[in-house]
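First the structure, in the form of structure tokens, and then the observations on it.
The values are calculated or read from the model by the stated rules, or taken from the named source; none is laboratory data. Keep in mind the model is a prediction, meaning the values are calculated, not measured. Glycine also receives a Cβ, built like all others from the backbone with ideal geometry; neighbour counts cover every protein chain displayed.
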Amino acid sequence: MNSLYSITLVILLLSLLMGVFRIWRGPRMADRIMAAQLTGSTGVAVLLIFAELQNQPAARDTALVLALLAMLVAIAFVGRVWGFTREKKDS
Amino acid sequence: MNELIDLTLICILLGLATLSLFTQSLFRSVMFFILLGLILSLVWIRLDAPDIALAEAAIGAGITGILLLDALAHLRATSNTPPQLLQLKQPRFWLALLSGTGVILALGLAVSEPLSPVVALDLKVSENLAESGVTHPITAILLNFRSYDTLLEVAVLVLAALVALTLRQSDEHPVANEFLPNQLLHACLKLFFPMIFLVSMYLLWAGSTQPGGAFQAGAVLASAFVLFYLVGLKTQLAQNEHYLKRGWIFGLAIFVLVGAVPLLQGQPFLTYPDAHAGVLILLIELGLTLSIGWILFSLFLLSQSASTFQKKDTP
């Protein structure tokens with residue numbers, strides 16, 4: 001069972017790295033926000049794996065908080081930043 | 001395997017810190033910084049510090065991200081010049097270099113010194129845990145053994161909100177508030193607002209037996225308020241400066257009141273009677289949660305345009 005967690009963890013960390021790469025590359029702001037959302041979901045999954053691997057039930061609470069609050073960043077982006085710079089590249 | 005995980009996390013953490021500092025575009029920096037908060041909460045879990053991981057997830061990924069994006073909107077609205085690279089002749093470069101090196105040296109000194117506390121504090125805490133009224137040692141420390149520190153921390157938060165209020169009055173270029181009349185968002189609010197609220201109360205309740213507590217619950221509660229506001233629903237409560245300020249000091253007032261009652265019986269400030277310690281701590285934490293949530297929300301609210309914000313009525 002442990003090796004299953006390990007393999008999943010490796011895949012998730014790779015996904016995290018790809019998210020970081022996508023935030024760096026863009027090219028548009030919306031792409032970066034989407035990549036940030038991807039890393040948020042990946043973070044939730046990694047936390048759940050850690051909860052099993054380390055026998056740390058509080059990691060599940062952290063995952064719960066992260067899952068609920070990650071989408072707020074996307075909403076704040078659409079409400080605050082998106083309107084001013086629509087159809088423009090951020091550079 | 002464990003070392004590999006830790007090493008990867010450390011590499012990602014350092015890489016993100018570098019990226020968020022040295023990226024040219026501010027928006028990209030903000031994104032990397034939010035991500036840094038996420039990875040940091042993973043690292044805290046690896047270090048078996050779930051209390052800090054919870055706080056980092058709630059504050060780093062939630063409320064700080066929103067505040068930074070909001071600040072970005074302000075910068076764009078006032079068409080500030082893009083950030084320039086630091087010049088070598090500028091004194092602030094040398095100031096930053098000097099203080100940075102100082103902090104690194106101090107940290108190195110702290111790490112190199114072997115840990116030999118005069119009193120074994122962890123043993124003291126576990127010995128006296130039964131009298132504290134809660135079973136989670138961190139909550140016992142924060143709200144019973146060292147409640148003075150917590151009291152002053154909350155006072156600092158109130159001070160921060162006051163500073164934000166002062167700054168708002170001198171802001172000449174408020175950002176127009178774009179509400180989002182979106183069906184999807186309203187459905188989102190209906191679904192998520194109760195859930196975020198529930199999770200906040202759960203964290204508060206869980207604080208006495210497992211990781212959680214007032215600060216984490218307050219940060220989550222603030223996110224619920226912000227969601228409410230971003231969707232475009234305004235409450236009368238948030239429009240009136242009077243209510244706003246009362247909300248800030250509510251938790252602090254409860255804390256001071258509960259702490260002051262023992263003074264009447266000739267006991268020191270902030271000593272709880274053993275029999276009621278658990279209930280009193282929960283009462284204080286409830287007040288603190290509401291106030292911290294309200295203060296963090298106010299930090300977001302106060303940066304909004306002054307026209308949507310009424311001064312208190314003067315007949």
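Checked against (1) more than 19 Å from B:ASP149 (Cβ to Cβ); (2) under 20 Å from the mean Cα position of the chain (by Cα); (3) surrounded by 15 or more Cβ atoms within 10 Å (Cβ to Cβ), B:ARG246 meets all criteria but (3). For the residues B:SER25, B:SER29, the requirement of being modelled with pLDDT under 90 and either surrounded by fewer than 16 Cβ atoms within 10 Å (Cβ to Cβ) or within 23 Å of the chain's Cα centre (by Cα) (or both) singles out B:SER29. Would you check if B:LEU129 is in contact with a helix residue (DSSP H, G or I) (Cβ under 7 Å, 6 or more places away or on another chain), in a helix (DSSP H, G or I) and farther than 19 Å from B:GLY212 by Cβ? Taking the combined requirement at face value, the residue does not satisfy it.
When the stretch B:153-193 is filtered for residues that are modelled with pLDDT of 85 or more and under 25 Å from B:TRP248 (Cβ atoms), the ones remaining, listed by number, are B:GLU153, B:VAL154, B:ALA155, B:VAL156, B:LEU157, B:VAL158, B:LEU159, B:ALA160, B:ALA161, B:LEU162, B:VAL163, B:PHE193. If the condition is being more than 7 Å from chain A (Cβ to nearest Cβ), in a helix (DSSP H, G or I) and farther than 16 Å from B:LEU67 by Cβ, then the stretch B:20-45 contributes B:LEU21, B:PHE22, B:ILE39, B:LEU40, B:VAL43, B:TRP44. Checking A:LEU47, A:LEU72, A:LEU66 one by one, the residue that is surrounded by 22 or more Cβ atoms within 10 Å (Cβ to Cβ), under 16 Å from B:ILE34 (Cα atoms) and modelled with pLDDT of 90 or more is A:LEU66 and no other.
Which one of these is among the hydrophobic types (A, V, I, L, M, F, W, C), surrounded by 18 or more Cβ atoms within 10 Å (Cβ to Cβ), assigned to a helix (DSSP H, G or I) and modelled with pLDDT under 85: B:LEU72, B:LEU68, B:LEU16?
On inspection, the qualifying residue turns out to be B:LEU72.
Taking the condition of being exposed (fewer than 15 other Cβ atoms within 10 Å of the Cβ) and either at pLDDT below 80 or over 25 Å from the mean Cα position of the chain (by Cα) (or both), how many residues in the stretch B:270-289 meet it? Of the residues in that region, 4 qualify. Going by what's in this entry, would B:GLU131 be described as among the acidic types (Asp, Glu), under 30 Å from B:LEU252 (Cβ atoms) and at pLDDT 85 or above? No; evaluated as a whole, the condition is false for this residue. Checked against (1) closer than 21 Å to B:ARG46 by Cβ; (2) at the interface with chain B (Cβ under 7 Å from one of its Cβ atoms), A:SER41 passes all but a single condition, namely (2).
Screening the stretch B:32-55 for residues that are farther than 15 Å from A:PHE50 by Cβ and of a type in the set (Gly, Ala, Ser) and picking the one that is surrounded by the most Cβ atoms within 10 Å (Cβ to Cβ) gives B:ALA55.
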